[in-house]
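Encoded as C-alpha cells, the structure appears first; notes follow it.
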Amino acid sequence: MNAVLPRFLKSAYRKEPLISAFITMGIVDALIGGLDDSWSLFTFGLGTAGIALAFKLWRMQQRPSLPEEPVVQYYLPPQSSADPLPVLKVSKKKPRQ
C-alpha cells in the first residue's frame, strides 16, 4: 500500500498537473472547513474538487483511443539491391626515394 499511493499520485500529477492541483486544493479546503466548522469553506472545497474531478472524467472520455499497432514506414529496403563494392588492396611496394 505504501508504494502504490505515491506511484499513483506521481502519475496523476504528470499526466494532468492543473486538474490534479485543483483536486488537491479542493480536498484541502474541504478538510480545513470541516475541521474548523466553516461550512462555506467546506462546501467550496467539495465543489472545487467535484468540478475538477468531473472535468478530468470528461477529458478522459474525449481522448481518442490509441491505434493498436503503429504502422512502421521504412525509407530504405532491408537489403541492398546493388552488388557490394570490391575490397581495395593496398600495394606493399616501397615508395621511391
Among the residues of the stretch 32-39, are any assigned to a helix (DSSP H, G or I) and within 22 Å of Leu18 (Cα to Cα)?
yes
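Residue-wise test of (1) in contact (Cβ under 8 Å) with a residue 40 or more places away in the chain; (2) closer than 26 Å to Ile19 by Cβ; (3) of a type outside the set (Gly, Ala, Ser); (4) in a helix (DSSP H, G or I).
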{"position": "Phe42", "(1), (2), (3), (4)": "no, yes, yes, yes"}
{"position": "Thr48", "(1), (2), (3), (4)": "no, yes, yes, yes"}
{"position": "Leu53", "(1), (2), (3), (4)": "no, yes, yes, yes"}
{"position": "Glu69", "(1), (2), (3), (4)": "no, no, yes, no"}
{"position": "Gln73", "(1), (2), (3), (4)": "no, no, yes, no"}
{"position": "Pro77", "(1), (2), (3), (4)": "no, no, yes, no"}
{"position": "Ser81", "(1), (2), (3), (4)": "no, no, no, no"}
{"position": "Pro84", "(1), (2), (3), (4)": "no, no, yes, no"}
{"position": "Lys92", "(1), (2), (3), (4)": "no, no, yes, no"}
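Going through the stretch 1-24 one residue at a time, which ones are open to solvent by 100 Å² or more (accessible area, probe 1.4 Å) and farther than 17 Å from Met60 by Cα? Full working, then the answer.
First pass over the stretch 1-24, keeping only residues open to solvent by 100 Å² or more (accessible area, probe 1.4 Å): 1-2, 7-8, 10, 14-15, 18.
Result: Met1, Asn2, Arg7, Lys10.
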Just to check your reading of the model, which residue among Phe42, Phe55 is more than 24 Å from the chain's Cα centre (by Cα) and open to solvent by 50 Å² or more (accessible area, probe 1.4 Å)?
Phe42
So Asp29 ticks every box in (1) in contact with a Leu (Cβ under 7 Å, 6 or more places away or on another chain); (2) touching a residue at least 24 places away in the same chain (Cβ under 8 Å) but one. Which box is left unticked?
(2)
Is it the case, given these coordinates, that Tyr13 is hydroxyl-bearing (Ser, Thr, Tyr) and touching a Ser or Thr at 6+ places or on another chain (Cβ under 6 Å)?
yes
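The values are calculated or read from the model by the stated rules, or taken from the named source; none is laboratory data. These numbers come from a predicted model, not from an experiment. Here the Cβ is made from the backbone with ideal geometry for all residues, glycine too, and neighbour counts use every protein chain on show. Ligands, DNA and RNA are excluded from the accessible area calculation, which covers all protein heavy atoms including side chains. Shrake-Rupley method; radii C 1.70, N 1.55, O 1.52, S 1.80 Å.
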